[in-house]
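Here's the structure, in structure tokens; my notes come after.
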Amino acid sequence: MSPIRSLARPLIAGMYVVDGASALKDPAGRVEAVRAAGLSEPEKLVRANAATMLLGGLALGTGRLPRLSALALAGTMVPTTYVGHAFWSEGDPAAKAQQRQQFLKNLSMLGGLLLAAADTGGRESIPHAAARVSRRAQKKAAKAAKKAEKRLHS
């Protein structure tokens with residue numbers, strides 16, 4: 001693994017491990033925010049989100065299934081950001097500015113997770129490999145067709 005990946009993954013993951021553990025330990029504030037958003041069974045949603053953050057963060061930070069864990073963490077960011085940092089519903093300008101900053105920070109984290117989910121670790125991606133194999137097969141088929149045509153005309 002490259003030194004950048006070795007450093008970047010735990011740096012991204014740290015926030016999720018700490019936040020997930022915190023939400024599991026004391027979900028009350030988050031439960032109220034989910035309830036205020038009108039979602040049913042807010043405590044279950046908060047605990048499931050927190051567990052995903054904790055486990056996904058640990059997996060990403062240790063390099064276990066990094067693409068899958070980054071994708072799972074990205075999935076937690078959408079509801080967390082929407083429910084937790086709804087700056088558009090704030091009336092107080094200072095609170096609105098703070099929530100907007102947190103909203104944008106979460107979008108930045110989401111971008112990092114999407115990059116981590118797409119990172120193949122230097123290996124060829126499946127779509128790229130499939131295209132390469134397909135091109136090679138097309139060339140072989142064209143050569144074989146050309147040989148067959150020559151044999152027919154000779």
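The values are calculated or read from the model by the stated rules, or taken from the named source; none is laboratory data. Everything quoted here is computed from the prediction, not taken from an experiment. Glycine gets a Cβ as well: all are built from the backbone with ideal geometry, and neighbour counts include every protein chain shown.
When region 1-20 is filtered for residues that are over 19 Å from the mean Cα position of the chain (by Cα) and part of a helix (DSSP H, G or I), only 3 remains. If we keep just the residues of region 78-90 that are within 16 Å of the chain's Cα centre (by Cα) and either β-branched (Val, Ile, Thr) or modelled with pLDDT of 95 or more (or both), which is farthest from residue 29 (Cα to Cα)? Selected residue: 78. Please enumerate the residues belonging to region 27-61 that are over 22 Å from residue 109 (Cα atoms) and not in a helix (DSSP H, G or I). Those that are over 22 Å from residue 109 (Cα atoms) and not in a helix (DSSP H, G or I): 37, 38, 39, 40, 41. Just one residue in the set 131, 94 is in a helix (DSSP H, G or I) and not assigned by TED's automatic domain parsing to the domain that holds residue 46; that residue is 131.
Listed residues 24, 73; which is within 20 Å of the chain's Cα centre (by Cα) and either under 16 Å from residue 112 (Cβ atoms) or assigned to a helix (DSSP H, G or I) (or both)?
Working: 24 fails: within 20 Å of the chain's Cα centre (by Cα).
None of the other options fit; the residue is 73.
Within region 72-88, being within 20 Å of residue 4 (Cβ to Cβ) and either surrounded by fewer than 17 Cβ atoms within 10 Å (Cβ to Cβ) or not assigned by TED's automatic domain parsing to the domain that holds residue 14 (or both) holds for no residue.
Within region 30-42, residues that are surrounded by 15 or more Cβ atoms within 10 Å (Cβ to Cβ) reach partners that are basic (Lys, Arg) and part of a helix (DSSP H, G or I) with beta carbons closer than 7 Å, at six or more positions or on different chains, in the pairs 42/35.
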